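Note sheet for the following structure.
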Amino acid sequence: MSAEFTDQVIRALSEQRRRSTLRVLQQHQEATISKIAKEIAAKEDDGPNSDVRSDAVHIDLYHCHIPILAEAGLVHYTEDQDVVAISEHGTNITAFLGRRTLFNHQFLRCVSPLFSPRC
């Protein structure tokens, strides 16, 4: 594993919405950005969400988060079909993050401030 790949993965995991995207894809294997956005918006709002909120999350995913996840090799995005699929690396990392360990908590707390810009 190269240092560049490691940096890309750490950057990808530093933002909650990208981790949420991976969790949604872990459940469905692939989904449209709209479906992912609706699930994330509902989770962030802790209940039913409005179309406006889902649209805002969709825009954020499309322009910011999906490209970063794809660049890190964690997802595959087929733009002409608007389908995002989790990669093998994404599946492995999501399984690792799913383990509630002290390391994961400390790791994410440490790396999140390193990437202060949303994208």
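List of remarks:
- Candidates S14, S2, S20: the one that is without any contact (Cβ under 8 Å) to a residue 60 or more places away in the chain and more than 17 Å from G98 (Cβ to Cβ) is S2.
- Restricting the stretch 20-36 to residues that are open to solvent by less than 20 Å² (accessible area, probe 1.4 Å) and within 12 Å of the chain's Cα centre (by Cα), the residue that is farthest from A85 (Cα to Cα) is S20.
- Filtered residues of the stretch 54-80 (kept if part of a loop (DSSP other than H, G, I, E, B) and open to solvent by 100 Å² or more (accessible area, probe 1.4 Å)): E79, D80
- Within the stretch 53-66, residues that are in contact (Cβ under 8 Å) with a residue 24 or more places away in the chain and under 15 Å from Y77 (Cα atoms) sit with their Cβ atoms under 7 Å from residues that are open to solvent by less than 10 Å² (accessible area, probe 1.4 Å) and outside any helix (DSSP H, G or I), at 6+ positions apart or across chains, in these pairs: I66/V75; I66/V84.
Rundown of residues vs (1) under 13 Å from the mean Cα position of the chain (by Cα); (2) among the basic types (K, R); (3) open to solvent by less than 30 Å² (accessible area, probe 1.4 Å); (4) modelled with pLDDT of 95 or more, yes/no style:
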position	(1), (2), (3), (4)
S14	yes, no, yes, no
K38	no, yes, no, no
V52	no, no, no, no
D82	no, no, no, no
I86	yes, no, yes, yes
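- Taken as a whole, the stretch 88-102 holds at least one residue that is modelled with pLDDT under 90 and touching a Lys or Arg at 6+ places or on another chain (Cβ under 7 Å).
- Residues in the stretch 26-36 that are within 18 Å of H63 (Cα to Cα) and of a type outside the set (K, R): A31, T32, I33, S34, I36.
The values are calculated or read from the model by the stated rules, or taken from the named source; none is laboratory data. Being a predicted model, the structure only gives us computed values, none of them experimental. Glycine gets a Cβ as well: all are built from the backbone with ideal geometry, and neighbour counts include every protein chain shown. Areas reflect the complete protein model, heavy atoms only, side chains present, ligands, DNA and RNA absent. Shrake-Rupley method; radii C 1.70, N 1.55, O 1.52, S 1.80 Å.
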